[in-house]
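Asks: Encoded as structure tokens, here's the structure I'll be asking about.
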Amino acid sequence: QVRMVESGGGLVQAGGSLRLSCAALGTSLSINAMGWYRQAPGKKRELVAGITAGGDLDYVDSVKGRFTVFRDVTKNTVYLQMNSLKPEDTGNYFCNATIGSHQFWGQGTQVTVSS
């Protein structure tokens, strides 16, 4: 059974940085893509950043130039380096992995950016 284990959220002042990490445990299968989504109160969950097995990257416009997604294939781990954080980046961040035709989600880690 695949488990997605996240860490790295917290409270930070505007302009600060955080790094999120997420490991996909319990699988020896190839992971097609991994990514990070976020959900702010009253809003829909949105893709923040994703990376495919081939290294293709995708970012929501609002984080381009500030966030970097990268992965360690040997550890089945995806990271999200978040710099120059803004209050509007506040939300619950979920990691996601696509393995075959299945989607797996982490439990979410809260990121709060104070102004």
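The values are calculated or read from the model by the stated rules, or taken from the named source; none is laboratory data. For clarity, every value in this text was computed on a predicted model and none was experimentally measured. Here the Cβ positions follow ideal geometry from the backbone for every residue, glycine too, while neighbour counts run over all protein chains shown. Areas reflect the complete protein model, heavy atoms only, side chains present, ligands, DNA and RNA absent. Shrake-Rupley method; radii C 1.70, N 1.55, O 1.52, S 1.80 Å.
Asks: Can you find even one residue in the stretch 53-64 that is open to solvent by less than 60 Å² (accessible area, probe 1.4 Å), β-branched (V, I, T) and in contact with a Lys or Arg (Cβ under 7 Å, 6 or more places away or on another chain)?
Replies: Checking the stretch 53-64: not a single residue is open to solvent by less than 60 Å² (accessible area, probe 1.4 Å), β-branched (V, I, T) and in contact with a Lys or Arg (Cβ under 7 Å, 6 or more places away or on another chain).
Asks: Listed residues S62, S28, S84; which is modelled with pLDDT under 95 and of a type in the set (S, T, N, Q)?
Replies: Criteria check complete, one pass: S28.
Asks: Go through the stretch 10-115 and tell me which strands (runs of 3 or more DSSP E), entirely inside it, have 2 or more residues that are within 12 Å of the chain's Cα centre (by Cα), at negative phi and among the aromatic types (F, W, Y). Steps first, please.
Replies: On the way: elements: 10-13, 18-25, 33-39, 46-52, 57-59, 67-72, 77-82, 91-99, 102-105, 109-114.
In the stretch 10-115, the matching strands (runs of 3 or more DSSP E) lie at 33-39, 67-72, 91-99.
Asks: Then there's this: State yes or no: is L29 open to solvent by 50 Å² or more (accessible area, probe 1.4 Å), among the aliphatic types (A, V, I, L, M) and touching a residue at least 24 places away in the same chain (Cβ under 8 Å)?
Replies: Numbers: open to solvent by 50 Å² or more (accessible area, probe 1.4 Å): yes; among the aliphatic types (A, V, I, L, M): yes; touching a residue at least 24 places away in the same chain (Cβ under 8 Å): yes.
Judged against the criteria, L29 is a match.
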